[in-house]
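See below for the structure under consideration.
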Amino acid sequence: MGLLIKGGEIVTVGSRMRGDIYVEDETIARIGRGLDAPPGAEVIDAAGKMVFPGFIDPHVHIYLPFMATFAKDTHESASIAALIGGTTTYIEMCCPNRNDDALAGYELWKSKADGKSACDYAFHMSVTKFVRETEDQLTQIVKDGTSSFKIFLAYKNFFGVDDAEMYHTLTLAKRLGVITTAHCENAELVAQLQQHLLAERKTGPEWHEPSRPESVEAEGTGRFATFLENTGAAGYVVHLSCEKALNAAMAAKARGVRLSVESVLPHFLLDKTYAERPGVEGMKHVMSPPLREKKNQAVLWNAVARGFVDTIGTDHCPFDTEQKMLGKDAFTNIPNGIPGIEDRVNLLYTLGVKAGKIDLDRFVDAASTRAAQLFGLYPRKGTIAVGSDGDLVVYDPEYRGTVSAKSQHVNCDYNGFEGMKIEGRPSAVTVRGKVQVRDGKFVGEHGRGRMLKREAIH
Ligand code: URP
Ligand code: ZN
Ligand code: ZN
C-alpha cells in the first residue's frame, strides 16, 4: 500500500517547497503538487506542517557494558524513543573492550539489535586494541557493511587505544576507505588528575569536570588531527564540547586535514553547574567530555551555524539513578552518560531554530543530511528525493510541550533536560513508507528496523 503526504512544506538542505510526497515499496516514488492518491493509498494531510527527511543520530549507545554496569535501553525501547522524537536512523557504537575479541563483539552487538529495532540502524566499529588478527577482522567487518571505525583516546585500560594502535587503525582505515570517529581526551592526564583529586578527598560529581579539563580534550583533538594528517585518513571527532577543542579542530581543517566534527545535545543546552548539584542530581549530569562552562554553548551554536561543527548527535547513553549512585563515594565510579535520543530534534528545533541560533537549513543538515553523507548513507537516507527511502518526519511547529522523564519512552528514571519547553514535535514519522509514530505515540511495527549496509566511501 502506498503512502501520500499532502500539502506540507518539504524542507531539505538548500530547498523548501510546498508539495506532496508519494512513497511506494518503501521508497519515495514521486514529489510534486496535486499528486493523486492511488486506490488504497494511505493519506496524511500535512497542511500547516513541515516535512523533513528522517533525522539521523550518528552517535548512540544502546547495548553497552561500561563502568561496572550496562546502559539501560534495549533496541526496542531506544528505537521507539528515537522515532517518537523524529529520529529514523541511529548509528550505534559497537564497543567490545580491550579484552574482548573484536569479531565476536561485532556479532554480539548485531544480535542485540536484530529484529528488535523499530527503525533502521548501523554501527561504528570500535577498535579497542590492535593485535595480529585485527586487520583481517576489521576488513571482514567493513565487507559486512560497517564502514566506520571508532577509537577512544580516553578510558585507559578499557576502551582506550595508545598512539601506536591509533596509527595502525588509521593506516588501515585509509587503505579500506573508511572514516574513523574518535573520542578525544588524553587518557593519561585524565587518570593522573583523577588520582590527584581523589587523594585530596575531592570525590563528588563536581570534580568530574576538573579531572578532564578543556585542555585535555584540546590535546586529544589536536593529536587525533596530527595522526590523520600523517596517515591521510578521514576522521570525525565525536562529542566536541568546548572552544579550545574546536580551535584545535578548526586549525586542522584549515591546513587540509580530512576532519569532521560532531557535537552532542547536552553540550549545547547544559553547563557544568548541573554536575555541581549535590548528590545524585549532579551525578545525573556526569558524562565525558564533561559539561563545560556556559560560555562554550554560544561557541558551539555559532560553530554549527557556520558549518564548523558538521553534525549534532546525542551520545545517548542512559544510566538510571541507582546506577549513578555507584559513584556516591568517588566521582570516578559514576557511570558516564545521559539519555537524549528522544529529545534531540525537538530541543534543537526549539532552542536552535526558533531561538534564532541556527537556520532551518543547517538544522536539517546537522541533524540528518551531513551524517548520511559522512557515513555512506546518502542519498538513501538524509534527504527527500525520488529513490530515497520513505523516512519522513511530518513536523507540527504549533505543538507545545515540556520534556519530562514522566512521559519519556527511553528506559531511564530521569531526563537530563527535565522541564525544558518544546515548541514543535513530529505529528507523523515514517520508516520506509510505514507510519511508525503519530502524535507522540508509537503506532507501528516493532522490529521493522534493518541494519544498514554502508559502502566505504572515504
Ligand atoms: O559519557 C559518555 N560519553 N558516555 C558514553 C561513552 C562515551 O564516551 O561516548
Ligand atoms: Zn565518548
Ligand atoms: Zn559515546
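Rule-based calculations on the coordinates, nothing more; no lab input. Computed from a predicted structure; not experimentally measured. All Cβ positions, even for glycine, are placed from backbone atoms using ideal geometry, and neighbour counts span all protein chains on display.
Remarks
- Placing unit charges on each Cβ (+1 for Lys and Arg, -1 for Asp and Glu) gives the stretch 102-240 a dipole about its Cα centre, and among Gly145, Thr221, Pro205 the Cα reaching farthest toward its positive end belongs to Gly145.
- The lysines within cross-link reach of Lys143, meaning a Cα-to-Cα straight distance under 25 Å and a gap of 8 or more places when in the same chain, are Lys110, Lys112, Lys116, Lys129, Lys174, Lys381, Lys453.
- All Cα-Cα separations within the stretch 336-437 were binned at 10 Å from zero, giving a P(r) of 14, 40, 38, 9, 0, each value a whole percent of the pairs.
- Other-chain or far-sequence residues with amide H under 5 Å of Met420's (modelled H): Val403
- For Gly8, residues with placed amide H under 5 Å, excluding near neighbours: Gly19, Ala46
- Evaluating 6.51 cos²θ - 1.76 cosθ + 1.60 at θ = phi - 60° for every residue in the stretch 412-425, the Karplus couplings come out as 7, 8, 9, 10, x, 10, 3, x, 6, 7, 10, 10, x, 6 Hz, glycine and proline recorded as x.
- Shape call, the stretch 391-445: gyration tensor on alpha carbons, a/c limit 1.5: oblate
- The stretch 439-454 - phi-based ³J(HN,Hα) in whole Hz, Karplus 6.51/-1.76/1.60, Gly and Pro as x: 6, x, 10, 7, 10, x, 9, 5, x, 5, x, 10, 6, 8, 8, 10
- Using every pair of distinct Cα positions in the chain, the Kirkwood expression returns a hydrodynamic radius of 22.0 angstrom.
- DSSP bridge orientation in the chain - percent antiparallel, rounded to nearest 5: 50
- Relative contact order, percent, the chain [alpha-carbon distance under 8 Å, six or more residues apart]: 22
- With bins 10 Å wide beginning at 0, the percent of Cα pairs of the stretch 85-125 falling in each bin runs 28, 51, 18, 3.
- Of Lys295/Lys354; Lys272/Lys441; Lys72/Lys295, pairs whose Cα-Cα distance is over 30 Å: Lys272/Lys441; Lys72/Lys295
- Förster radius 45 Å - calculated FRET efficiency between Glu293 and Glu229, Cβ distance, rounded to 0.05: 0.95
- Counting only DSSP beta bridges whose two residues both lie in the stretch 299-458, roughly 95 percent are antiparallel.
- Cα gyration tensor category, rounded, prolate or oblate, for the stretch 1-59 with a/c compared to 1.5: oblate
- Under 19 Å from the Ala47 label point (7 Å along Cα→beta-carbon), backbone N, the stretch 387-416: 394-399
- P(r) for the stretch 209-345, from all Cα pairs and a bin width of 5 Å, is 2, 11, 20, 21, 19, 13, 9, 4, 2, 0 %, short bins first.
- Computed over the stretch 218-279, the quotient of the alpha carbon radius of gyration and 2.2 N^0.38 Å is 1.31.
- For Gly145, residues with placed amide H under 5 Å, excluding near neighbours: Arg454
- For the pair Asn302 and Ala164, label points projected 7 Å from Cα toward Cβ lie 4.3 nm apart.
- Dipole orientation for the chain: of the candidates Ala298, Ser111, Phe55, Ala298 has the Cα lying most toward the positive pole (charges on Cβ; Lys, Arg +1; Asp, Glu -1).
- For the chain, with +1 on Lys and Arg beta carbons and -1 on Asp and Glu, the positive-most of His196, Val443, Thr332 along the dipole: Val443
- Structure-based [θ]222 nm, the chain - -39500 (n - 2.57) summed over DSSP H runs of at least 4, per residue, nearest 500: -8000 deg cm²/dmol
- Remark: the stretch 305-322, residue by residue, has Karplus-estimated 3J(HN,Hα) of 4, 8, x, 6, 8, 7, 10, 10, x, 10, 6, 3, 7, x, 10, 7, 5, 4 Hz, where x stands for each Gly or Pro and the curve is 6.51 cos²θ - 1.76 cosθ + 1.60 at θ = phi - 60°.
- Structural size metrics of the stretch 1-139, computed from C-alpha coordinates, are Rg and Dmax of 20.0, 60 Å.
- For the stretch 57-206: rounded, prolate or oblate by the Cα gyration tensor [a/c cutoff 1.5]: oblate
- Considering only beta bridges that DSSP places wholly inside the stretch 53-178, some 15 percent are antiparallel.
- Between the stretch 140-177 and the stretch 97-131, the alpha-carbon center distance in angstrom: 13
- Inter-label distance, Glu322 to Ala104: 2.9 nm, where each label sits 7 Å from its Cα along the C-beta direction.
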